[in-house]
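Okay, structure first, notes after.
Since every read-out is calculated from the coordinates, none of them should be taken as a lab result. Model, not experiment: these values are computed from the prediction. Note that each Cβ is placed from the backbone with ideal geometry, even for glycine, and that neighbours are counted across all protein chains shown.
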Amino acid sequence: GGINGDSQSPQTLRLREGDNVSLNCSYTVSLFTGLQWLRQNPGKGPELLFLLYSVNEEKQKERLKATVLKQGSSLHITASKPEDSATYLCTVETLCSQAPAA
């Protein structure tokens with residue numbers, strides 16, 4: 001437990017060069033319209049890393065890879081660089097305004 005709602009507390013990473021790291025973002029929604037992984041560096045605004053729309057989707061960008069499963073999403077950083085030391089967070093957009101289909 002310990003998760004309230006569908007927003008995650010940001011995870012701040014202090015990485016050494018070459019580290020391999022996995023971050024997890026769990027949520028309780030069964031249907032989401034978009035899941036964002038964001039990276040925020042001190043003194044800068046958040047930078048969108050990935051935008052994922054469906055379960056089992058996987059996207060890769062250089063050293064970063066994001067995957068989406070039914071109960072959560074993972075962000076993997078392989079062979080990190082110093083600039084990867086930052087705060088990472090994920091946000092989930094849901095269709096909460098729509099009534100469930102009968």
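What's the exposure ranking of 14, 63, 39, going from fewest to most Cβ atoms within 10 Å?
Taking fewest neighbouring Cβ atoms as first place, the list is 14, 63, 39.
Which far-off residues, 5 or more places away or on another chain, put their amide H under 5 Å from the one on residue 94, with H placed in the peptide plane?
33
How many lysine pairs does region 11-93 hold where the Cα atoms are under 20 Å apart and the two sit 8 or more places apart or on different chains?
5
Residue by residue through region 67-76, what is 3J(HN,Hα) from phi via Karplus (6.51 cos²θ - 1.76 cosθ + 1.60, θ = phi - 60°)? Round to whole Hz and write x for glycine and proline.
Running phi through 6.51 cos²θ - 1.76 cosθ + 1.60 with θ = phi - 60° gives 10, 10, 10, 5, 9, x, 10, 10, 10, 10 Hz.
Go through region 82-89 residue by residue and turn each phi into a ³J(HN,Hα) via Karplus (6.51, -1.76, 1.60, θ = phi - 60°); whole Hz please, and just put x for glycine and proline.
My calculation for region 82-89 gives x, 6, 7, 6, 6, 9, 10, 8 Hz in order.
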